[in-house]
C-alpha cells in the first residue's frame with residue numbers, strides 16, 4: 001500500500017510538472033509587441049558631405065592621415081530571432097524579417113530607417129544582417145577637415161579585386177549574445193566577440209527600440225592612414241591599403257543598445 005501511494009504521488013507530481021511546463025511555454029502565445037530598429041552613428045555630423053560624381057582629392061604623400069566619419073554601404077536585410085547564435089551550431093533558427101524588401105542601394109549608415117514592426121512577444125537573442133560587398137568610407141583629412149574623401153572598399157581583404165559595380169554580397173553577419181558570427185561549413189563561427197547583442201524583450205502593447213551603433217558607440221574617430229602603394233597620389237581600392245590608430249575604447253565595428261518606450 002505504501003509503494004502504491006508513493007507511485008500515485010509521483011504520477012501526480014509528474015502530471016503537475018508537465019502541465020505547468022506547458023502553460024509556461026505558451027505564456028506569450030498570440031501576443032505581439034512592437035520593435036523599432038534603427039541605425040546610429042555617434043561621430044556623424046552636418047559636416048559630412050555626400051560626394052556624387054566628384055573625383056577624390058589627391059593624397060598628400062606616401063601616407064595620408066584621415067579621420068573616418070561614416071560608411072556608405074548597402075544594408076540588404078535585417079532579421080531577428082528568439083533563438084541563439086552559438087559557435088559550432090547550424091543555422092536552424094526561426095528568423096523574422098524586419099525589412100519589407102531587399103535593399104541594394106548604397107547610402108550613409110545613419111540615413112537608414114526601418115519601419116516599426118509588430119512581432120510575437122518573447123525574448124529575442126539574435127540579429128542577422130546582410131551587406132553588399134562594396135562600400136565607401138567617408139573620411140576627412142586630419143590636417144584640414146574641409147578636405148573630404150569617399151574611399152571605395154570591399155568587405156574582404158584590401159588585396160581583393162575591387163569594382164564599384166560589384167553586386168555580390170558579403171558573408172552574412174549573425175549577431176548573438178557571444179558576438180558576431182559567420183557561417184563556415186554550415187556552422188556558426190565566431191568572428192568578433194565584442195560585437196554582441198545582449199537580447200531584448202518584446203512585450204504585448206509595448207515598444208522595444210534597438211539602436212545598431214557604428215563604432216560600438218565611440219565618439220572619437222580612429223586615425224586612418226592611407227598607404228599609397230603605387231605612388232600615384234590617388235586612392236586605388238584593391239591596390240592601396242589602410243592602417244588604423246584607434247583610441248582604447250574603439251575596439252569593435254558595431255554594437256547594439258536596447259531601450260523601451
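If I model a spin label as a point 7 Å beyond the Cα along the Cα-Cβ vector, how far apart are those points for residue 204 and residue 87 in nm?
Result: 4.0 nm between the two label points.
With r defined as the distance between the Cβ atoms of residue 142 and residue 169 and R0 fixed at 30 Å, what FRET efficiency is calculated, to the nearest 0.05?
The formula returns an efficiency of 0.35 here.
Let me see the pair-distance distribution of the chain: every alpha carbon pair, 10 Å bin width, integer percents in order.
Over the chain, the share of Cα pairs per 10 Å bin runs 6, 24, 30, 19, 10, 5, 3, 2, 1, 0 percent.
With a cut-off of 8 Å between alpha carbons and a minimum separation of six or more residues, what is the relative contact order of region 92-198 in percent?
Answer for region 92-198 is 21 percent.
Give me the percent relative contact order of the chain, please, defined on Cα pairs under 8 angstrom at least 6 residues apart.
25
Working from Cα positions, state the angle (0 to 90°, nearest 10) between the long axis of helix 2-25 and the longest principal axis of the chain.
30
Using a cut-off of under 14 Å, list every residue of region 65-104 whose amide N is near the label point 7 Å from the Cα of residue 56 along the Cα-to-beta-carbon line.
What the label zone holds, given the 14 Å backbone N cut-off, is 65-72.
Only bridges whose two residues both fall in region 31-260 count here: according to DSSP, what percent of them are antiparallel, nearest 5?
Antiparallel bridges: around 90 percent, rounded to the nearest 5.
So what is the calculated 222 nm ellipticity per residue for the chain, using -39500 (n - 2.57) for each DSSP H run with n of 4 or more, over all residues, to the nearest 500 deg cm²/dmol?
Rounded to the nearest 500, it is -3000 deg cm²/dmol.
Once you have the Cα-Cα distance between residue 65 and residue 107, take 0.36 nm times their residue separation minus that, and quote the gain in nm to one decimal.
Length gained between residue 65 and residue 107: 12.7 nm.
Roughly how compact is region 138-261, stated as its Cα Rg over 2.2 N^0.38 Å to two decimals?
1.32
Taking the Cβ of each residue in 212, 169 as the centre, tally the other Cβ atoms inside 10 Å and list the residues starting with the fewest.
Ranking 212, 169 by Cβ neighbours within 10 Å, fewest first, gives 169, 212.
Bear in mind these aren't lab numbers, they're just calculated from the coordinates by the rules spelled out. Given the structure is predicted, the values throughout are model-derived calculations rather than measurements. Note: ideal-geometry Cβ built from the backbone for every residue, glycine included; neighbour counts use all protein chains shown.
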